[in-house]
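Single-structure report; data block below.
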Amino acid sequence: MAEKSNRIYLLEEADVASSLLKLGSPTMVGMLISALYNAIDAYFVGGLGMSQMGAVSVVFPIVQIIIGLGMMFGAGASSYISRLLGKGDYEQADKTASTALFSGLLAGMVIIAGIMVFLEPVLLALGATETILPYASAYAKIYVTGSVINVFTVMMNNLLTAQGATKFTMLAMLTGSIANVILDPILIYGMDFGIEGAAIATVLSLCINMALYIGYIAKKKGVLRFSVKKITLSKTIYAEILKIGIPVLLFQLLASAALGSINTASKPYGDYAVAAMGAVTRIMTVVTYVVFGFLKGFQPFAGYNYGAKKFDRLKKSISLCMIWSTVFCVGAAIILVVFANPIVSLFGTDAQMTELAAKALRLNAVLFLTFGFQMVYASLYLAIGKSLVGSILSLSRQGIFFFPLIFVLPRLFHLTGVIWVQPMADLLTTVLTLLFALRINHTLSIAVAGKFLVPIDKSIE
């Protein structure tokens, strides 16, 4: 009960800046570590050869789809749970958490089984060349099969974040990441398992992560109580989960399709192009995950205070997140532009690959300056249950704008067009986000002043 009181105090009454740091820092560090170990994974695989590095890049979108299932149920439930906790409805919050966990695992097993049946055609569609395919298949058979554990850990990460248990999620991610970094060189080189060793190392690290979450549930820590008896096939619960979860899943699906499209567009130019764009993806994932991680802490704070009608705290939290995320994005962009060559050389020594990767990295880094701004408002709209606008903002960067650009630019400018796609999508997304940001900021200012004649829910639909 004391733990519950402390977490609710953090969301409802504690200093806004302090609360955001306590909620966001652990998830930020956890996701940074997760992204780093993915990059380190690619680093170790890159030592095996360019085709192996290309194989990891080809399989990456499949894993993102599977993670998307976990995020659909986890993030969808997280948004609803945060608002329920803000209203003091703990029983419905428990039912939502238990239902989401059960449903996500069932969906994950079905989807993974389907992917494995059609694995080779899927890999070819994602850009595997004849030389990359054998390595991609070997890697995916182990990693994708074991990714049902990934679904569980992603859901638990979101569900615990919703109740403010961000320190534990950081510990779980940190432990799994360290295990993966240790196991990679042992299994890849020490035991001579090659690319299959990288997959085994990742699955074993996920098992460790899962064990920590199961222990958390068994010891009944935190605010939420998970139980098979609380699984409720309720239309209301599923509607609340899916109205936020589906946009999150679509975001992951589009992100995976975007990665696959980049691989496919690079494929005609050879393995070096696939490997180069894969390296850039891993590098940019590190810095984007920092922003994603911090804003995962912001979301329960925003959802709770919106549900509790504490609009002054919500407005202040938006301003702080905007400042902090933008400062980080500017700093990261400078580092990536200045040190592009030594950074990409960590993923291979082929001259063509490193030259292309460095050029693409610099272009991506320049437009990364506005990424924090984009994500603050996409996260905000989803956190307060406004799924339509939240969906539009979430799906713009690697969906609404990305796919027309990936269709047009490579045809006009060939390989140069490929590396311009994501930066141009970022630019257009920034303009769109600005329009919605002005709208909600105006609405919240009126709400803080207490001048609403209609409910705030209706004014920002």
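Here the sum of -39500 (n - 2.57) over DSSP H runs of 4 or more residues, divided by the residues of the chain, equals -28500 deg cm²/dmol at 222 nm, to the nearest 500.
The phi-based Karplus calculation (6.51 cos²θ - 1.76 cosθ + 1.60; θ = phi - 60°) puts the 3J(HN,Hα) values of region 114-130 at x, 5, 5, 5, 10, 4, 5, x, 5, 5, 5, 5, 8, x, 5, 8, 4 Hz, whole numbers, x for Gly and Pro. Equivalent-ellipsoid semi-axes for the chain (Cα gyration tensor, √(5λ), whole Å, largest first): 35, 26, 19.
Write down, largest first, the equivalent ellipsoid semi-axes of region 164-265 in whole Å, where each equals the square root of 5 times an eigenvalue of the alpha-carbon gyration tensor. Intermediate values should be presented prior to the final figure.
Values: eigenvalues 198, 120, 26 Å².
Sorted largest first and rounded, they come to 31, 25, 11 Å.
Stretching I323 away from E355 to a fully extended chain increases their span by 8.2 nm, per 0.36 nm per residue minus the current alpha-carbon distance. As a fraction of the 1.4 Å probe accessible area of the chain, surface on carbon and sulfur atoms comes out at 70 percent. Principal-axis analysis of the Cα atoms of the chain puts helix 271-307 at an angle of about 10° to the longest axis.
Measuring against 21 Å, Cα to Cα, the residue pairs K315/K386; K141/K359; K230/K296 contain K141/K359; K230/K296 as the ones spanning a longer distance. Each residue of region 74-79 was assigned a 3J(HN,Hα) from its phi angle through the Karplus expression (A = 6.51, B = -1.76, C = 1.60, θ = phi - 60°), giving x, 6, x, 5, 4, 4 Hz with x at Gly and Pro. For K229, a cut-off of 22 angstrom between C-alpha atoms picks up these lysines, skipping any fewer than 8 places away in its own chain: K4, K95, K219, K220, K221. Shape analysis of region 54-177 yields a ratio of the Cα radius of gyration to the Kirkwood radius, Rg/Rh, of 1.08.
Applying the Kirkwood pairwise sum to the alpha-carbon positions of region 271-356 produces a hydrodynamic radius of 15.2 angstrom.
With the convex hull of its Cα atoms as the shape, region 49-117 has an orientation-averaged projected area of 5.7 nm². Remark: the L250-A218 segment gains 8.3 nm on full extension, using 0.36 nm per residue and subtracting the alpha carbon distance.
Treating each Cα of region 250-314 as one equal point scatterer and applying the Debye formula with no solvent, the log10 of I(q)/I(0) at q = 0.13, 0.19, 0.27 Å⁻¹ comes out as -0.55, -0.80, -1.08. Semi-axes of the equivalent ellipsoid for region 37-78, computed as √(5λ) from the eigenvalues of its C-alpha gyration tensor and ordered from largest down, come to 28, 11, 4 Å. Sparsely packed loop sites in region 188-234 (the chymotrypsin sites (Phe, Trp or Tyr not before Pro) outside DSSP H, G, I, E and B with at most 15 other Cβ atoms within 10 Å) do not occur. Projected label points at K167 and R411, each 7 Å from Cα along the beta carbon direction, are separated by 5.6 nanometres. Per residue, the accessible area of region 108-155 comes to 42 Å², computed with a 1.4 Å probe over protein heavy atoms only. Structural descriptor for region 127-213: relative contact order 41 percent, calculated from alpha carbon pairs under 8 angstrom and at least 6 residues apart.
The values are calculated or read from the model by the stated rules, or taken from the named source; none is laboratory data. These numbers come from a predicted model, not from an experiment. Note that we place each Cβ from the backbone using ideal geometry, even for glycine, and neighbour counts take in every protein chain shown. Calculation scope for accessible area: heavy atoms of the full protein, side chains included, ligands and nucleic acids excluded. Shrake-Rupley method; radii C 1.70, N 1.55, O 1.52, S 1.80 Å.
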